[in-house]
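S.K.: One structure follows; several queries about it will come next.
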Amino acid sequence: MSWGLVLSGGAAYGVANVGVVECLEKEGLSPDVIAGSSMGAVVAGLYALGIETKTIREIGKKLTPSTVASWKKRPLSDGLEGGVLEHRMKEILAPYIQGARIADCRIPFMCVAGRILKAIPWKNVMKQDFLPTLLTSVETYVFPPETLILDALAASCAVPVVFQPVKVGKSRFMDLCTFGAVPVQSLKKHHTVDYIIATDTTPTYTTVAPYLPQVLRKVLYASQEFLHASTSACDIIIVPKLDGAPYHFQKSMEFMDAGKEATQERMEDILRILQKEHVIKE
């Protein structure tokens, strides 16, 4: 019997995943495969590589608004795709990951991002055909073993419009946001496991949705349906209670603790299915 762990994105909310892996490790629970998207990929990649959870927490403490990103010298110089901020995640992670590749991970690691197939006309976001155009312009992509972990993580965290797409090899990549924040289907496609435990740290936007233009509501609701399909495919979903906004990196400590608390609340269920099938590693 085997099980997989899927860590979700959500910008600063995704830092809650640090508390999740801390709590699971304390109970002696180590997944047979781990997948992640965006900030969830960052935590998953560090953990899969064998970096101690106490060190991952220290990295989480370093994630502040000023360390994660900085203003570009020429924001939107390449249009909306050019982004307004410079990503600095590589600078934070490089001392810990260095030149490691996905194949170097002690736990099989899947990093998911969106591969851009054709230019996305972000200026047409208010047009009725934007959603189908978006969905045909980007595909879900799992980075192969030879990929540098730093490259894969930077690509998975490249939130569109906020950051410029990241080039890896001959392709350009971006954050899938809520269209791929919980990459359960990707894990199932590439690995056979008996159980999947996942986190959901994605923003809901439920309070602002009714006030959005119809076109944007259509995009939001479509992404929520995609998210629901992913979380429904899990055996257990861990949903931390996160106060504040997804860009509040100054609350990283609070978010990590919320992840730990939410995992502990589901621990009885987690232990029941894993102990029942004897998949807990001695």
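The values are calculated or read from the model by the stated rules, or taken from the named source; none is laboratory data. None of the values given here were measured: they were computed from a predicted structure. Heads up, the Cβs are rebuilt from the backbone with ideal geometry, glycines too, and the neighbour counts pull from every protein chain shown. Accessible surface areas use protein heavy atoms only, side chains included; no ligands, DNA or RNA. Shrake-Rupley method; radii C 1.70, N 1.55, O 1.52, S 1.80 Å.
S.K.: Within region 234-271, which residues are closer than 17 Å to residue 40 by Cβ, among the hydrophobic types (A, V, I, L, M, F, W, C) and assigned to a helix (DSSP H, G or I)?
M.R.: Answer for region 234-271, where residues must be closer than 17 Å to residue 40 by Cβ, among the hydrophobic types (A, V, I, L, M, F, W, C) and assigned to a helix (DSSP H, G or I): 249, 255, 256, 258, 262.
S.K.: Mind telling me which of the residues 158, 181 ends up being modelled with pLDDT of 90 or more, open to solvent by less than 20 Å² (accessible area, probe 1.4 Å) and either small (Gly, Ala, Ser) or over 21 Å from residue 108 (Cβ atoms) (or both)?
M.R.: Exactly one residue qualifies, and that residue is 158.
S.K.: Does residue 73 fit the bill of being open to solvent by 40 Å² or more (accessible area, probe 1.4 Å), farther than 14 Å from residue 89 by Cα and either among the small types (Gly, Ala, Ser) or not in a helix (DSSP H, G or I) (or both)?
M.R.: yes
S.K.: What are the pairs with Cβ atoms under 6 angstrom where one residue, in region 46-66, is touching a residue at least 24 places away in the same chain (Cβ under 8 Å) and the other, located anywhere, is charged (D, E, K, R)? Sequence gap at least six, or different chains.
M.R.: That search, which allows pairs on different chains as well, returns 50/106; 53/22; 53/25.
S.K.: Conditions first: (1) open to solvent by 50 Å² or more (accessible area, probe 1.4 Å); (2) at pLDDT 95 or above; (3) of a type in the set (A, V, I, L, M). Residue 237 passes all but one, so which condition is the exception?
M.R.: (1)
S.K.: Within region 106-132, can you find the residues that are part of a helix (DSSP H, G or I) and surrounded by 17 or more Cβ atoms within 10 Å (Cβ to Cβ)?
M.R.: 130, 131
S.K.: I've got another one for you. So if I check each of 215, 219, which one is touching a helix residue (DSSP H, G or I) at 6+ places or on another chain (Cβ under 6 Å), open to solvent by less than 70 Å² (accessible area, probe 1.4 Å) and more than 16 Å from residue 259 (Cβ to Cβ)?
M.R.: It is 219.
S.K.: Here's another thing I want to ask about it. Name the residue, out of 178, 192, 231, 204, that is within 16 Å of the chain's Cα centre (by Cα) and assigned to a loop (DSSP other than H, G, I, E, B).
M.R.: When all the criteria are applied, what remains is 204.
To keep it simple, each residue is scored yes or no on (1) open to solvent by 20 Å² or more (accessible area, probe 1.4 Å); (2) of a type outside the set (A, V, I, L, M, F, W, C); (3) more than 18 Å from residue 246 (Cα to Cα); (4) over 21 Å from the mean Cα position of the chain (by Cα).
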residue	(1), (2), (3), (4)
54	yes, yes, yes, no
68	no, no, no, no
77	yes, yes, yes, yes
91	yes, yes, yes, no
98	yes, yes, yes, no
104	yes, yes, yes, no
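S.K.: Confirm whether residue 115 is over 21 Å from residue 171 (Cβ atoms) and basic (Lys, Arg).
M.R.: no
S.K.: Taking the options 42, 18, name whichever one is under 25 Å from residue 275 (Cα atoms) and not in a strand (DSSP E or B).
M.R.: The match here is 18.
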